[in-house]
Structure formats: C-alpha cells, structure tokens
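> Structure incoming, see below.
The values are calculated or read from the model by the stated rules, or taken from the named source; none is laboratory data. Please read all numbers here as calculations on a predicted model, not as lab measurements. Every residue, glycine among them, receives a Cβ derived from its backbone with ideal geometry; neighbour counts consider all protein chains shown.
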Amino acid sequence: MKKTIIEARNLYKEFDKTAVVKHINFTIAENEFVTFLGPSGCGKTTILRMIAGFEMPTSGEIFLYDKVINDIPAYLRPLNTVFQNYALFPHMNVFENIAFPMRLKKQDKNSIGKKVAQLLDVVNLGGYEQRDVSSLSGGQQQRVAIARALANDPKVLLLDEPLSALDLKMRKEMQVELKKIQQEIKKTFIYVTHDQEEALTLSDKIIVLNHGQIQQSGTPTDIYNEPVNTFVADFIGESNIIDGSMTKDFEVEFLGKKFICVDEKPDQQTNRVIVVIRPEDIEIGQRQEHTINGVVTSIVFKGVHYEIMVQCNDYDFMVHTTDYHEIGKDVGLDFGPDDIHIMKAG
Amino acid sequence: MKKALRNVYLYIMLLFLYAPILVLMVYSFNASKSRGQWGGFTLEWYRRLFMDSNIQSALYYTVLVAILATIISTIVGTISSIGIFLYGNRVQKLMLNVNYIPVINPDIVTGVSMMILFAFMSMRQGFATMLIAHITFCIPYVILSVLPKLRQMDVNLIEAAMDLGARPMQIITKVVLAEIKPGIVTGLLFAFTLSIDDFVISFFTTGSGVSNLSIYVYSMAKRGISPEINALSTLMILTVTLLLFVINKRNNKKTKITGERI
Amino acid sequence: MNKNMRVLGLPYVAWMLIFICLPIVLLGVYSFTNNTGNFSLENFKSFFTPIYIQILLNSLYLAFISTVICFILGYPVAYIIAKIPSEKTRNTFLLLFILPMWMNFLLRTYSWMTLLGNNGLINTLLQALSLPQLNLLYNSGAVLLGMVYNFLPFMIYPIYSILIKIDANYAIAAGDLGANPRQTFMKITFPLSIPGVITGITMVFMPAVSTFVIPSLLGGGQNMLIGNLIEQQLMQAGNWHFGSAASLIMMTIILIAMQVMNRFDKTQQKNMEMLA
Ligand SMILES: Nc1ncnc2c1ncn2[C@@H]1O[C@H](COP(=O)(O)OP(=O)(O)OP(=O)(O)O)[C@@H](O)[C@H]1O
Ligand SMILES: [Mg+2]
C-alpha cells in the first residue's frame, strides 16, 4: 500500500455564500497521477488552488502527510503549480525562469546551471537556455513551465488544464510527454481537466466531480467500466441510458425484453432502475430471437469506427462499430450480461 | 495593520495634493487682505473680480481661442487623419514624426520658435498669432486620437459600403465618420482642455492687449499674492471640476446603456 | 475611400511645414547668427561660460532631484491603488490622484505662494505657536516643492497603468515557486513595471527642466533656471539669438535624455508585448 501524501477531510469552500466545493474527502498517494475531472464550473480549479495555498478553505482540512497545511502560505508549501497560461516571467529567458526558485534559495551558480540543464533534459528542451520565452511555441512554453515548477523539487506538482491552450496534435504529444516525465521523476501529479479522454490516458486515479461533489473515484478502468451513476456514465465516454425495471437480482427488463445481468437489484424500495450500455459494447448484426431490433437511421465515420444510430421502438441506440451498415437497414443489437450496467433510478 | 498604513499613506498624499488648493479657495472668502488672520467671510473679491474689465477681457479671449482652436483643430485634424491614414508606411511615418514634434517639444521651445516665426513673417503678435499657435499644438493631439480608430476600423466595412454602391465621399460621411467618432470626441476634448489651460505658448505668441486667464494670473502672481487671484482660481477650479464631473457622468450613462467601459 | 483621397492630408502637410518645421529651422538659424545676421558661434560661446553653465546644471539638478522624489512618492501610490481589489474604489482613488492634472498649472503653482509666503498659512501657524518664522518662499526648496507638486500625477499615472496590466498570475507563480512577498516585488513586479517608470520619469523630467513658471513664482529672482533664461532673453533682454541658442541646447539635451530612456525602454519592450 502506497503512502498517502495529500488528504482532504471534509473540505468545503464557498464564494459569496455560494458553496463551490461541498464537504469532499479524498486521498492521494505518493507518486500517483491523480486527475480531477468534471464539467466547467464544478470546482476543480478551486480544489487545486486550495491545495496550492492560493485559496483558503472555508472549512475542512488539507493534510500533507499527517500535517494540516491550511495555514501555511503558498510560498512555503513544498508543492508547485503549472499554470494554465504558463505564467512564464516575460523579463527573463528560459534559463532565468527555471533558475528563479533556486536563485531565491541562493544556491550556488554551478549547481543551478547543472540543475537547469538536467531539468531541460527532462522536458526535452536541451540547449534552449538562452531563448526568450516569448520566442517559444505554446508546447515549448508549457515544458519550460513544467521544468520551472520542478526546480524546487516539489513533493507534488499541480497542473490546472495545462494542455488546454495547445492545438489537438500538440496536446496529444504533450500527454505522452507528461506521462513520461511523471514516470521518470517519480513525483505525485495532481491534474485538472474537463477532457475525459485526457484523464483516461494519463491517470492512475480519477476523481470525477460535479457541482462540487465527488461522484466517483477510482482507476480509469473502474470509472469507465463501472460508472456508479448516470452522470459518470454519460460524462466518461458516451452511453446509452435506458429506463428499466428489476424484480430480482441479476435480471433486468427494458425495452420489453428480459436480460441477464451481473448486478444485484440496487434499490429495494422500487423496481425502477437505469440501464447503461456503452456504444462500443453493442454488437450490431442480424435480427435474432434475443436481440433488440431496429433500423439504422444514420451512420457517421469517426476516424476509427462508425457511429451508427439505430432506432428501436422507444429508444435510439448509439453503436460504435468498425462495420458499415447502410441507412434503412433492419438490424439486431446484441450485448452480453457484463455489458449491462445497472444504476439506481432517480 | 499593513492595510491601514497603506490607506494612511494614500490620504497623506491626497492631502499634499489638495491642501494648497483648498487653502487658496478658503482664502478667497477671507475679508482680511493680509492672509495672517481670518477677517470674516466676504464675497468682496468676487465682486471686484467681476468688475475688473481686464479679467473680463482675459476670460473672453481664453474662451474664444479655446472654442475656435478646438473647432478648427478637430475638423482639420480629422480630415488630415484620413489623408495620412491612406499614405503608405514610410510617408505616413514621416508625417507622424513631424506631427509629434509639438507633443514632445517642451512648450517653451514651441512658444519661442513660433514667436520667431511670427517675427520672420512680420505678423504682429496678438489674437491671430495666439490662435494659430493653439491650433498648431492642438491638431497633433486630434490626429493621435483619431488615427488609431481609423486603424482599428474593419476594412470590410468600407468594402461592403462600396459594394452597396456608396461613393468615396459617402463612405467617409456615412461609414468612416461614424466609426471614428469616439476618437474625434477624445481629440476634441483634448484640444479644448489643452487650449483653455495653456500658458507658456500663449505667453510667447500673444501681443499687448490680448491675454488669457493664465497670462493674467501669471502677471498678477508675479507681483505677489492677491485675494482677487484666489477668487479667480476658485472659480476656475470649480469650473474644471464641474466639467470633469459632467463628462464622467455622461460616460457612466453611456456605460450603462452599452454595457461596456469607455 | 481610395488613394486619391490622400489629398485630404495635404493642407495639413503645408501647415506642418509652415508652423512646425519652419519655426524649428528659424530657431536654428537664429542660434547660429548674430545681430547683424551673419553666421556666428558667438551665442554658443557665451552660453558655455560659468554663469550660464551654472544655470543649466542647476536646472538639470533640480529636475533630476524632483524626478527622484516624484518616483519615491509616486511609485507606492500607484502600487497601493493598483492593489485595491474593488474596481470602483480603485477608479475613485486613481481619479483623485490624476484630477490635479486638469487643474491649471499656474494656479497649482500659485497656491503654494499662499502657503509658503512670509505671512502665508504656515508662517502664521508658526507665529501662533510662537515659533520663529521661516523663509519658505523664494528659494530652491520652494522650486523643488513646486516641481514635485505639479508633476507627481505624471509619475503616478503611467506606473499605475502598467501595474494594473501585469498579469496577477506572475506574482502568484513567483509565490508558488517560493518567493516571499518582498522577493516577488523586487524580482517580478518591479522589473515588469519599469516601462511605466520610464514613461513617468520622462513625463516629470522634461517639463521640470524647461519650466520657467515655477522658478519665476516660487524661486524669486535669484533662482534662475534655463527656462527663465530663455524667457528673459526673448521677452526682456531682446536678445533673440542668444535665447534661441539656449532653447536649442535645452531641446538637444532633452532629446538626448529621451533617446537614452527609449533605448533603455526598447529592451523592455518585447517583454511588454507578452503583457499586452
Ligand atoms: N474568486 C472567486 N469568486 C467567486 N466565485 C468564484 C471564484 N472562483 C471561482 N468561483 C466560482 O466557483 C465555481 C467553481 O469554479 P472553478 O474555477 O473551481 O471551476 P472549474 O471546475 O475549474 O471550471 P473550469 O473547467 O471552467 O475551469 C464557479 O461557479 C466559479 O464561478
Ligand atoms: Mg478551472
């Protein structure tokens, strides 16, 4: 079991009497890559800023190891932040930017020089020391910002949507790069994004937020495969969300058919449940006894797969498949018991 | 505590800036001519002020020059801006550099050099020379206010207007002027305040019998302090404050309507 | 609008030639000629004699000191105002500090005569406290005071304008990297505000060097500065040639000073592009 480095207990924050972060608890282990994921305005940045020390919690505690750090000012916390717009100092070149925190500590010239070179190596910018920060591309500025944030040897690196200013291609490249850097330097990364794909690619652990509350936390696979509610199901990847009913465990009825599933009945008060099925878990083919039957209404090529909409009596299914099915074709939809995710209704 | 200290500093500096003016205003109501003691409240100095024909003439020239210089420099400056705007980079830069001379030159150099010019052209110094000088130092500010607006203007606007059949002159009157109006207004206000406030250039370019309020204050102040100047100062300060207040109010109202800051 | 409409610029070109260029040329011609109208360096020769050099140095010295004082007093004002969180309060304070710029320059100078004079307010107060009276008016201290008082807003405004534009994230980032508030100011905020400081210095130094109103009203006869010299030569002594030469010298010094400042500013310029 890894050691916990950051912990939040009953963390609460309000701005002008509006609760933004609502009594949340989480733990982050050493050397973990943890991502806060959620839609815009859900409080991700606020949480990160409280960890960094730029914002005071209204109530609750933040622990670094077993010490409460609520009252320690930002500049004394052994954490560093990579800012969304980089915040590279415009009056200093690359070298001076990265050397800045070491100069503050009055380290000697030689070791500063060595350390800067080493950090630039880590971020793949060897030889860029004397460049003006304004002459760098967005991706390069981002790397300098990461190198600078690492110069203090922080225990934890905080990153708030660090890739959002980059174009798609650059963003993909930097995702790979970031993961590599994290594995190389073996530090805890706390990452904020609203891009679910980014979160799935990078993280060891994802904390899904909505309206200032934690919806679910777990490994990317857990979150993707076992979303605990429809919000998570819908936010992480695309989902078919269907009303259904369950009278006993491991059997669910929806769209007029009974299916075997792997979940127990979630709520004893009511038979109503919600069924979630991922588009890529559905097989599309010939109509058969046990399939849900419908008609293809649209097909769009998405680069790797086709996204097909299939109209069944009451519900339009979204299906991802590599096979082509023309519009108007009668098809049957098939899926296995473990592709059916049952959630509490309401 | 630290915050309190900051506020104290701000208020001390404000006191430094405003105390002399306030003292002067208070003295303008002092019945005792020697400022040693307070001789009671009086409006005597204001009465004398209004009776003084020199002051009336100075006020007349100040306002007249300011209005004429503002109107002329706003019109000339706006038209010239359009002309300058259409020139290529190099010519435009040269024109703007010359235009910039009165802005960066110390007033006294502008004043002295124009004084020499008028002598060279054998013009008798007086109202006309002072007006010319005012126009000369006002136009550059109008151009500097209008030109950026022309540059910000969307070229598509002009092309769209042409496309819709507007003739060149119509484009200017119907499209361009509307677009650069904020710049023109800024330039106009600049010109007016500079002209009405000017002392140094007027001092060197006017002739006997024609002075503006600043020149009048200067000549009186050189002879020492007099309660009439206090009264005159009070009126001038109140006028400026009122004017600024009105402009500010107007801007605020506009802000509310358009929802943007000006 | 088309290229033909360039003619709209021509009347002003003529105006500029007559009323901006020609006067400067004439100023040059007057400086390099004597009373008989012949070329001569006489004016410059007589300018570079101890009396006038002393006046020039004194002008530069007072302008320099007043610029320094304006900076020391003005920077904190700009900084404190820029740090006020509420936009409304901030704008109100800013307005209060730059409002004096719109008040007549002469009146502002004159107002100090009321305070500093022999039977002015300060001496009256001293007398009431039975303290000895002071000679506050008609000395270089009064001139300095007048300069600082008149030009302080010109220092505050440009510095404020820059400070308010500096992205708050730089200071936050510096704090995050371990800089304490003092270090953040010295290493980040202040260096980034230098372009504003330079504008402020230029806007104070230039009028301070050339002013003749302040020394003439507050300095009395003994404290002659270069501005007074020019004024005196043209308006009283009638020696236009010498006055022109003095103007030309002053103009040259100011232009050189501005050039130096600009050079200094250029290196900052590209940094500022990132702030914009
Ligand atoms: N300083 C502040 N004052 C008042 N309200 C704030 C402040 N900072 C954030 N908020 C509000 O708190 C809520 C959460 O903000 P936060 O920036 O944490 O969201 P976020 O999840 O990071 O969103 P995004 O993905 O858009 O960055 C928002 O409704 C925001 O308007
Ligand atoms: Mg955010």
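> Consider segment C:163-184. How many of its residues are more than 7 Å from chain A (Cβ to nearest Cβ) and free of Cβ contacts under 8 Å to residues at least 60 places away in the same chain?
Residues in segment C:163-184 being more than 7 Å from chain A (Cβ to nearest Cβ) and free of Cβ contacts under 8 Å to residues at least 60 places away in the same chain: 6 in total.
> Let me ask something else about it. Of everything in segment A:25-38, what is in contact with a Phe, Trp or Tyr (Cβ under 8 Å, 6 or more places away or on another chain) and more than 7 Å from ligand 1 (Cβ to nearest atom)? Give them in sequence order.
Residues satisfying the conditions are A:Glu32, A:Phe33, A:Val34, A:Thr35, A:Phe36, A:Leu37.
> Continuing with this model, one more query. Go through segment C:118-166 and count every residue that is small (Gly, Ala, Ser) and surrounded by fewer than 19 Cβ atoms within 10 Å (Cβ to Cβ).
Number of matching residues: 5.
> Given the criteria more than 9 Å from every other protein chain (Cβ to nearest Cβ), modelled with pLDDT under 90 and over 16 Å from C:Asn58 (Cβ atoms), does C:Gln222 qualify?
No.
> Let me spell it out: the conditions are (1) within 16 Å of ligand 1 (Cβ to nearest atom); (2) modelled with pLDDT under 90; (3) surrounded by 21 or more Cβ atoms within 10 Å (Cβ to Cβ); (4) more than 14 Å from chain C (Cβ to nearest Cβ), and A:Ser164 meets all of them except one. Which number is the exception?
(3)
> Let me confirm something: among C:Asn104, C:Asn38, C:Asn43, which residue is surrounded by 15 or more Cβ atoms within 10 Å (Cβ to Cβ) and more than 11 Å from every other protein chain (Cβ to nearest Cβ)?
Residue meeting the stated conditions: C:Asn43.
> Quick one: would you say A:Val228 is within 26 Å of the chain's Cα centre (by Cα) and either assigned to a strand (DSSP E or B) or free of Cβ contacts under 8 Å to residues at least 40 places away in the same chain (or both)?
no
> On to the next question. Consider A:His211 carefully, then state whether it is touching a residue at least 24 places away in the same chain (Cβ under 8 Å), within 16 Å of ligand 1 (Cβ to nearest atom) and more than 15 Å from the chain's Cα centre (by Cα).
The answer is yes for A:His211.
> Among the residues of segment A:107-128, is there at least one that is closer than 20 Å to C:Pro191 by Cα and buried (at least 21 other Cβ atoms within 10 Å of the Cβ)?
Among the residues of segment A:107-128, not one is closer than 20 Å to C:Pro191 by Cα and buried (at least 21 other Cβ atoms within 10 Å of the Cβ), which makes the answer no.
> Against the condition buried (at least 21 other Cβ atoms within 10 Å of the Cβ) and part of a loop (DSSP other than H, G, I, E, B), how does A:Pro154 come out, does it pass?
Spelling it out, it is not the case that A:Pro154 is buried (at least 21 other Cβ atoms within 10 Å of the Cβ) and part of a loop (DSSP other than H, G, I, E, B).
> Could you please find all residues in segment C:227-242 being touching a residue at least 12 places away in the same chain (Cβ under 8 Å), within 19 Å of C:Ile214 (Cβ to Cβ) and buried (at least 22 other Cβ atoms within 10 Å of the Cβ)?
Those that are touching a residue at least 12 places away in the same chain (Cβ under 8 Å), within 19 Å of C:Ile214 (Cβ to Cβ) and buried (at least 22 other Cβ atoms within 10 Å of the Cβ): C:Gly227, C:Leu229, C:Ile230, C:Glu231.
> Residue check, C:Thr114 against (1) buried (at least 20 other Cβ atoms within 10 Å of the Cβ); (2) modelled with pLDDT under 90; (3) within 23 Å of the chain's Cα centre (by Cα), all met but one. Which one?
Every listed condition holds for C:Thr114 apart from (3).
> From the list A:Glu96, A:Glu32, which one is closer than 20 Å to A:Phe189 by Cβ, acidic (Asp, Glu) and away from ligand 2 (no atom under 16 Å from the Cβ)?
Criteria check complete, one pass: A:Glu32.
> So if I check each of A:Met50, A:Met56, which one is more than 16 Å from ligand 2 (Cβ to nearest atom) and either surrounded by fewer than 18 Cβ atoms within 10 Å (Cβ to Cβ) or under 27 Å from A:Leu178 (Cβ atoms) (or both)?
Sole residue among the options that is more than 16 Å from ligand 2 (Cβ to nearest atom) and either surrounded by fewer than 18 Cβ atoms within 10 Å (Cβ to Cβ) or under 27 Å from A:Leu178 (Cβ atoms) (or both): A:Met56.
> Output the number of residues of segment A:32-50 satisfying the condition of being out of contact with any strand residue (DSSP E or B) (no Cβ under 6 Å at 6 or more places or on another chain) and over 14 Å from A:Ile214 (Cα atoms).
The qualifying residues number 3.
> Something else: A:Tyr65: within 16 Å of ligand 2 (Cβ to nearest atom), touching a residue at least 12 places away in the same chain (Cβ under 8 Å) and not small (Gly, Ala, Ser), yes or no?
No, not satisfied.
> For segment C:70-172, list the helices (runs of 4 or more DSSP H) that sit wholly inside it and hold at least 3 residues that are among the small types (Gly, Ala, Ser); which are they?
C:140-165
> Any residue that is over 20 Å from B:Ile104 (Cα atoms) and touching a residue at least 40 places away in the same chain (Cβ under 8 Å) - is there at least one of those in segment C:202-212?
Taking every residue of segment C:202-212 in turn, none turns out to be over 20 Å from B:Ile104 (Cα atoms) and touching a residue at least 40 places away in the same chain (Cβ under 8 Å).
> Please return the ranges of strands (runs of 3 or more DSSP E) entirely within segment A:17-96 where 2 or more residues are more than 14 Å from chain C (Cβ to nearest Cβ).
Ranges flagged: A:18-29, A:33-37, A:59-64.
> Continuing with the same structure: Please determine whether any residue of segment A:121-130 is among the β-branched types (Val, Ile, Thr) and within 27 Å of A:Glu55 (Cβ to Cβ).
No: segment A:121-130 contains no residue that is among the β-branched types (Val, Ile, Thr) and within 27 Å of A:Glu55 (Cβ to Cβ).
> Sticking with this structure for a sec: Is it true that some residue in segment A:126-136 is more than 30 Å from A:Gly43 (Cα to Cα), touching a Pro at 6+ places or on another chain (Cβ under 8 Å) and more than 16 Å from ligand 2 (Cβ to nearest atom)?
Yes: one or more hits.
> Criterion first (surrounded by fewer than 19 Cβ atoms within 10 Å (Cβ to Cβ) and in contact with a Gly (Cβ under 9 Å, 6 or more places away or on another chain)) does B:Phe127 satisfy it?
yes
> Scan segment A:25-51 residue by residue and report those that are among the polar types (S, T, N, Q) and more than 15 Å from A:Gln196 (Cα to Cα).
If the condition is that a residue be among the polar types (S, T, N, Q) and more than 15 Å from A:Gln196 (Cα to Cα), then A:Asn25, A:Thr27, A:Asn31, A:Thr45, A:Thr46 are the ones that fit.
> Considering only residues that are within 10 Å of another protein chain (Cβ to nearest Cβ) and crowded, with 17+ Cβ neighbours inside 10 Å, look in segment C:67-87 and name the one that is nearest to C:Ile188 (Cα to Cα).
So the residue we want is C:Tyr79.
> Limited to segment A:226-251, what total is found for residues that are within 25 Å of A:Glu307 (Cβ to Cβ), in contact with a Lys or Arg (Cβ under 9 Å, 6 or more places away or on another chain), modelled with pLDDT of 85 or more and of a type outside the set (Ser, Thr, Tyr)?
Qualifying residue count, segment A:226-251: 5.
> Also, I was wondering about something else. I'm checking my understanding of the structure. Among residues of segment C:46-66 that are closer than 24 Å to C:Tyr149 by Cα and of a type in the set (Ser, Thr, Tyr), which one is nearest to the other protein chains (Cβ to nearest Cβ)?
C:Ser59
> For segment C:17-62, what are the residues that are over 27 Å from the mean Cα position of the chain (by Cα), in a helix (DSSP H, G or I) and among the β-branched types (Val, Ile, Thr)?
C:Ile18, C:Val29
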